[in-house]
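The values are calculated or read from the model by the stated rules, or taken from the named source; none is laboratory data. Everything numeric in this text was worked out from a predicted model, so none of it was measured. Please note: Cβ atoms are built from the backbone with ideal geometry, for glycine as well, and neighbour counts cover all protein chains shown. Heavy atoms of the whole protein, side chains included, go into the accessibility calculation; ligands, DNA and RNA do not. Shrake-Rupley method; radii C 1.70, N 1.55, O 1.52, S 1.80 Å.
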Amino acid sequence: MDETLLLPRGVHRAPFSRFALWIFPWVMLLGWGLYGAVRCLLWGLNETNMDNRFAFGLWIYLDLTIIAFGAGAFFTGFLVYIMKRSELKAVLNSAVVLGLLCYSGAVAVLMVDVGQPLRTWFTFWHPNTHSMLAEVTFCLTCYLTVLLIEYAPLVLKNRQFRKIPRYLVFEFELHKFMPVLAAVGAFLSFFHQGSLGGLYGVMRGRPFAFREDLFLWPSTFFLFILSALAAGPSFVLVTTRLVEVITRKRLVKLEVLNTLGKISGILLIVYLFFKSIDTLVWINSTSPASGFPAFEYYERKEFGTWILFGEIFLFGLVPGLILLNKKLRDNTTWLVGSAILVLAGVALNRFVLTIQTLALPTMVFDQFLSYLPSWQEIATFTAVIAFGVIGYSLSYRYLPLFPQERDLLQS
Amino acid sequence: MLPWVYEFRWEPWHLVFLGAFMVVGSILLLTLFRAFLRSTKDLRTGRAANMQWEAAFESLPERARTCRHEFSGEFSHRVCVNRFQCDQCATHKNLTEAAPGRSRRTGLIPLSVAGIPIRPDRYHHRGHTWVHREAGGTLKIGIDELGKRLVGRPDAVEYPTVGKHLMANGTAWSVRKDGQWIKMLSPVEGEVVGINTGEGNWVLRVRPTRNDLSHLLHGKEVSVWMMSEVERLQQLLTAPEVGVTLPDGGLVVDDLAQAAGSKIREVRDEMFLAP
């Protein structure tokens with residue numbers, strides 16, 4: 001079969017040889033990453049630089065970050081189907097693909113980190129009722145299922161599948177249930193994003209991360225949700241623009257990116273407001289009550305106050321204010337640059353809670369620990385990135401991800 | 001957490017947690033099941049053709065979905081949102097009721113547009129099929145001149161059988177050219193009562209379900225539409241690196257397949273509104 005018959009109609013795609021040239025290095029990277037992952041599965045976590053003391057490393061940091069970025073999927077679906085922001089339909093398909101790749105990548109890394117993937121069912125059959133991760137596991141599994149169901153109609157929209165009546169009709173009927181799936185996805189995401197934050201907030205043995213309860217959960221539960229809501233639209237914005245730059249095509253109207261930036265900016269400011277209150281409460285009350293004045297955590301050069309300044313101000317307030325300014329948003333450089341800063345801020349927040357929390361000593365006999373990932377960990381990390389790039393590239397090439405692309409091409 | 005786990009005791013929290021996931025799981029399963037059941041019913045009741053048309057229409061670019069009232073000058077720019085089913089469009093109804101005397105079908109009607117002849121007695125479907133009323137209440141259906149030039153001399157034709165019921169916007173007949181099957185869209189709903197397999201400018205004779213052809217283009221708007229189709233064709237044939245051009249006349253060549261080269265398949269799919 002002629003490969004061009006698989007391409008979406010009315011749009012232009014690079015010749016297959018050029019596409020193969022693009023995919024090849026990512027496939028090599030994926031291969032290298034899988035080798036590193038297989039070594040970890042076969043010979044255990046000795047292949048990594050994690051140990052009983054430093055139990056969270058690069059992988060958990062990666063998990064938290066890409067799950068936060070992947071929130072764009074459920075949030076865009078929520079905005080389109082529940083809040084009726086129909087202009088975001090232009091990026092909805094792309095957001096679903098990004099979400100699916102982010103979550104499946106996160107689950108794959110968890111399989112390697114937790115180990116013994118053949119016993120994954122233990123998590124459901126013998127859940128640890130005292131851990132936030134029990135709820136995270138259930139929610140992630142359900143949400144991954146939701147994403148797969150949301151991805152299915154997109155695959156069935158492929159030009160060749162559309163010619164088969166039963167596939168077209170099934171896609172048609174399944175699409176009518178998208179609002180239901182969007183609502184379920186929003187419900188599940190609310191809880192698993194929050195529970196990942198709650199995981200750190202309940203760690204009494206780590207006063208740096210520990211937070212007081214707000215209703216049933218620690219404040220980090222809500223802060224993780226808010227930061228994910230702020231990061232999601234920015235991630236969709238940045239990836240869309242990145243694809244436009246790589247393919248040298250306009251895929252969406254500028255107003256769509258502008259809307260994403262505005263939503264991200266508003267939510268970021270709301271997040272920063274509550275984050276600031278939370279930080280002040282932690283500095284003045286929670287941490288001293290645990291026996292640690294907050295300034296002690298920032299005495300080391302590696303994790304000085306610059307990190308707090310960076311998280312709240314440089315990668316928080318600055319891009320938030322830029323994204324709220326319409327004139328600046330209308331400029332693509334400011335818009336995309338600010339969105340990248342938003343993502344950097346959320347990534348930094350996840351780093352602080354994962355790595356910095358464990359590095360800082362708490363017991364009198366503890367020492368400050370440094371951690372550098374092993375090559376096997378880095379390989380597995382890059383495998384997830386490569387998996388994401390390959391998955392997205394294939395989806396972009398063969399599926400109609402951007403409905404506005406045709407009209408923009410012909411205008 | 002779960003009832004079969006050792007030392008499990010029911011607590012309200014278990015009911016909430018398990019209940020929530022049972023509800024989510026049930027919703028997901030029910031969604032898939034209902035979609036499957038409904039699609040089975042749709043296939044059984046023949047609604048697939050309607051869905052194929054809806055899918056094809058939604059995938060059309062805006063340029064191909066221009067409202068007929070833009071052709072007749074009532075709007076400067078308007079995109080059809082009713083799948084060209086003007087009989088179901090409130091705007092079309094309001095416009096025709098508001099100005100019944102102002103006919104879009106009077107005035108001089110060009111008999112040719114860019115070398116494409118236009119017959120004033122025909123009704124045109126956007127998929128380049130036409131309809132002509134016959135005395136006995138039946139309709140003749142054929143492919144218009146632009147469509148003929150796009151297809152050329154077909155390698156094979158697949159006709160419907162006499163007695164077959166055609167759906168509006170469903171497949172009337174198919175032609176094969178250079179290994180590509182092109183589905184010609186039916187402009188009306190009705191029963192096939194005659195097939196022309198010989199020479200001639202019509203293909204099917206149909207007894208329509210309804211006598212109303214108001215959803216089809218007729219009169220002066222046809223020439224405006226045909227001109228826009230020629231422009232659309234021109235854009236499809238232009239290489240993307242060339243960009244937008246402004247041709248100031250010319251005639252559509254007879255052998256469009258040769259002119260289009262390797263793009264002809266894509267051009268045919270676009271012009272015949274294929275799904």
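Residue pairs whose Cβ atoms lie under 6 Å apart, separated by 6 or more positions or on different chains, with the first residue in the range B:111-131 and closer than 15 Å to B:Lys148 by Cα and the second among the acidic types (Asp, Glu), are B:Ile116/B:Glu145; B:Pro117/B:Glu145; B:His128/B:Asp144; B:Trp130/B:Asp144.
Filtered by the rule that a residue be open to solvent by 50 Å² or more (accessible area, probe 1.4 Å) and over 17 Å from the mean Cα position of the chain (by Cα), the range A:188-204 gives A:Val202, A:Arg204.
The rows are residues; the columns are (1) at pLDDT below 90; (2) in contact with a strand residue (DSSP E or B) (Cβ under 8 Å, 6 or more places away or on another chain); (3) surrounded by fewer than 21 Cβ atoms within 10 Å (Cβ to Cβ).
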site: A:Pro165; (1), (2), (3): yes, no, yes
site: A:Lys176; (1), (2), (3): no, no, yes
site: A:Thr220; (1), (2), (3): no, no, no
site: A:Leu223; (1), (2), (3): no, no, no
site: A:Val245; (1), (2), (3): no, no, yes
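Of all the residues in the range B:35-61, those that are more than 7 Å from every other protein chain (Cβ to nearest Cβ), open to solvent by 50 Å² or more (accessible area, probe 1.4 Å) and of a type in the set (D, E, K, R) number 4. For the range A:307-335, the set of residues classified as open to solvent by 20 Å² or more (accessible area, probe 1.4 Å) and aliphatic (A, V, I, L, M) consists of A:Leu308, A:Ile312, A:Leu314, A:Leu317, A:Val318, A:Leu321, A:Ile322, A:Leu324, A:Leu328, listed by residue number.
Restricting attention to the range B:62-79, the residues that are within 10 Å of another protein chain (Cβ to nearest Cβ) and among the small types (Gly, Ala, Ser) add up to 1.
Evaluation of A:Asn349 against the conditions (1) closer than 26 Å to A:Val80 by Cβ; (2) under 19 Å from the mean Cα position of the chain (by Cα) shows that the sole unmet condition is (1). Remark: pairs (first residue in the range B:158-171, on the phi > 0 side of the Ramachandran plot; second residue of a type in the set (Val, Ile, Thr) and surrounded by 20 or more Cβ atoms within 10 Å (Cβ to Cβ); Cβ separation under 7 Å; 6+ apart in sequence or on different chains) = B:Gly163/B:Val192. Scanning the range B:134-156 for residues that are under 23 Å from B:Gly190 (Cα atoms) and surrounded by fewer than 16 Cβ atoms within 10 Å (Cβ to Cβ) turns up B:Glu134, B:Ala135, B:Gly136, B:Gly137. The residue that is farthest from B:Arg265 (Cα to Cα), counting only those in the range B:129-184 that are among the acidic types (Asp, Glu) and modelled with pLDDT of 90 or more, is B:Glu134. Filtering A:Ala383, A:Ala379, A:Ala344, A:Ala359 for residues that are touching a Ser or Thr at 6+ places or on another chain (Cβ under 9 Å) and hydrophobic (A, V, I, L, M, F, W, C) leaves a single hit, A:Ala359. Within the range A:167-178, residues that are facing chain B (nearest Cβ under 7 Å) have Cβ atoms under 6 Å from residues that are basic (Lys, Arg) in these pairs: A:Leu168/A:Arg162; A:Glu173/B:Arg38, counting only partners at least 6 apart in sequence or on another chain. Selection of helices (runs of 4 or more DSSP H) fully inside the range A:1-85 by the criterion of at least 1 residues being buried (at least 21 other Cβ atoms within 10 Å of the Cβ) and either of a type in the set (Val, Ile, Thr) or touching a Cys at 6+ places or on another chain (Cβ under 9 Å) (or both) returns A:58-69, A:71-77. Filtered by the rule that a residue be surrounded by fewer than 16 Cβ atoms within 10 Å (Cβ to Cβ) and either touching a His at 6+ places or on another chain (Cβ under 6 Å) or basic (Lys, Arg) (or both), the range A:247-266 gives A:Arg248, A:Arg250, A:Lys253. Residue-level check: of (1) away from chain A (no Cβ under 14 Å); (2) closer than 26 Å to A:Arg159 by Cβ; (3) surrounded by fewer than 19 Cβ atoms within 10 Å (Cβ to Cβ), B:Phe84 misses just (3).
Against the condition surrounded by fewer than 20 Cβ atoms within 10 Å (Cβ to Cβ), within 10 Å of chain B (Cβ to nearest Cβ) and either part of a helix (DSSP H, G or I) or in contact (Cβ under 8 Å) with a residue 60 or more places away in the chain (or both), how does A:Thr129 come out, does it pass? No; evaluated as a whole, the condition is false for this residue.
Pull up the range A:143-155, narrow it to residues that are open to solvent by less than 40 Å² (accessible area, probe 1.4 Å) and at the interface with another protein chain (Cβ under 10 Å from one of its Cβ atoms), then point me to the one that is nearest to the chain's Cα centre (by Cα). Write out each step before concluding.
So the first thing to find is which residues in the range A:143-155 are open to solvent by less than 40 Å² (accessible area, probe 1.4 Å), and the list is A:143-144, A:146-147, A:149-150, A:152-154.
Narrowing the set further to residues that are at the interface with another protein chain (Cβ under 10 Å from one of its Cβ atoms) leaves A:143, A:146, A:149, A:152-153.
On the way: A:Tyr143: 13, A:Val146: 16, A:Ile149: 19, A:Ala152: 21, A:Pro153: 22 Å.
Restricting to residues being open to solvent by less than 40 Å² (accessible area, probe 1.4 Å) and at the interface with another protein chain (Cβ under 10 Å from one of its Cβ atoms), the top hit is A:Tyr143.
Within the range A:328-369, which residues are touching a Phe, Trp or Tyr at 6+ places or on another chain (Cβ under 9 Å) and of a type in the set (Ser, Thr, Tyr)? Passing the criteria: A:Thr354, A:Thr357, A:Thr362. Whether a residue is touching a residue at least 12 places away in the same chain (Cβ under 8 Å), open to solvent by 40 Å² or more (accessible area, probe 1.4 Å) and either of a type in the set (A, V, I, L, M, F, W, C) or within 14 Å of another protein chain (Cβ to nearest Cβ) (or both) was assessed, and A:Leu409 passes this test.
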